[in-house]
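Participant: Once you've had a glance at the structure underneath, I'll fire off some questions.
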Amino acid sequence: MGESTPAPTAEANKKSPMDAVIDAIEWVAAIFVGIVAADIFIAVVLRNLLSIAIPDSYDFGRLLLGILIFWGIAATSYRGGHITVDLVWANVAPRRQRMIDVFATLVLLLVVSVQTYTLFDKVRGTYYDNVLTFDLRLPTWPFFAVAWVGDVSAVLLIAIRTYRLLFRPHALAQDWPLERVEPE
């Protein structure tokens, strides 16, 4: 019942440059979660307790939420931590599961690549149209640009996931070690 696994060696703990990119993108996404939460909290506290409104708090909130969404897509794209329906996948052999994973990841790569292209068009459009916030008259294109960088990060992570699914599936398995549960 109690086989212990050996401690990981220094070689096993060594991260590849791809792993460093993945970790950095996930940290950026986490930082944006904190920024959005702080923005909402501060705006609500100031409005309800002190009757003070932050200029453009609505615009900032909506723009930051857009940034958060695209960086969140990046964070979940590599890990596959988003909601999935695996009724077919769970009932096929491991070889077919891998084929389904590769196909699904390639479709995701295509869809997010097209989304990235269209979001860049939005960044360009807001820049050339000089779209500004309501109160402070600040340009909104930098917010769209940061969201676009998040989308580019999603494409990068999906490409890394595709590469690893095709050529290094063991690298994905190391990211989320599964422990076998034995009946008692």
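The values are calculated or read from the model by the stated rules, or taken from the named source; none is laboratory data. Keep in mind it's a predicted model, so treat the numbers as computed, not measured. Cβ: placed from backbone, ideal geometry, glycine included. Neighbour counts: every protein chain shown.
Participant: Give the residue, chosen from Asn130, Asn48, that is surrounded by fewer than 11 Cβ atoms within 10 Å (Cβ to Cβ) and closer than 18 Å to Ala147 by Cα. It would help to see each step written out before you state the result.
Facilitator: On the way: Asn48 fails: closer than 18 Å to Ala147 by Cα.
Among Asn130, Asn48, only Asn130 is surrounded by fewer than 11 Cβ atoms within 10 Å (Cβ to Cβ) and closer than 18 Å to Ala147 by Cα.
Participant: Residues to consider are Gly72, Gly34, Gly2, Gly61; find the one that is at pLDDT 85 or above and over 17 Å from the mean Cα position of the chain (by Cα).
Facilitator: Numbers: Gly72 fails: over 17 Å from the mean Cα position of the chain (by Cα); Gly34 fails: over 17 Å from the mean Cα position of the chain (by Cα); Gly2 fails: at pLDDT 85 or above.
Answer to the selection: Gly61.
Participant: Follow-up question, since we're still on this one. Which ones in the range 94-106 are among the β-branched types (Val, Ile, Thr) and more than 14 Å from Tyr163 (Cα to Cα)? Show your work before the answer.
Facilitator: Let us first name the residues in the range 94-106 that are among the β-branched types (Val, Ile, Thr), namely 100, 102, 105.
The answer is Ile100, and nothing else.
Participant: Which ones in the range 33-71 are free of Cβ contacts under 8 Å to residues at least 60 places away in the same chain, in a helix (DSSP H, G or I) and not aliphatic (A, V, I, L, M)?
Facilitator: First pass over the range 33-71, keeping only residues free of Cβ contacts under 8 Å to residues at least 60 places away in the same chain: 33-54, 57, 61-62, 65, 68.
In the following step, the residues that additionally are in a helix (DSSP H, G or I) were identified as 33-49, 57, 61-62, 65, 68.
Listed by number, the residues that qualify are Gly34, Asp39, Phe41, Arg47, Asn48, Ser57, Gly61, Arg62.
Participant: Turning to a different aspect of this structure: Select, from Ala74, Ala43, the only residue that is closer than 15 Å to Trp148 by Cβ and surrounded by 12 or more Cβ atoms within 10 Å (Cβ to Cβ). Walk me through how you get there before you give the answer.
Facilitator: Details: Ala43 fails: closer than 15 Å to Trp148 by Cβ.
Being closer than 15 Å to Trp148 by Cβ and surrounded by 12 or more Cβ atoms within 10 Å (Cβ to Cβ) holds for just one of Ala74, Ala43, which is Ala74.
Participant: A further question follows. Can you pull out the residues in the range 103-143 that are more than 19 Å from Ala75 (Cβ to Cβ), touching a residue at least 40 places away in the same chain (Cβ under 8 Å) and in contact with a helix residue (DSSP H, G or I) (Cβ under 7 Å, 6 or more places away or on another chain)?
Facilitator: Matches in the range 103-143: Leu106, Thr133, Phe134, Thr140.
Participant: Tally up the residues in the range 128-177 that are aromatic (Phe, Trp, Tyr), at pLDDT below 90 and in a loop (DSSP other than H, G, I, E, B), please.
Facilitator: Matching residues across the range 128-177 total 1.
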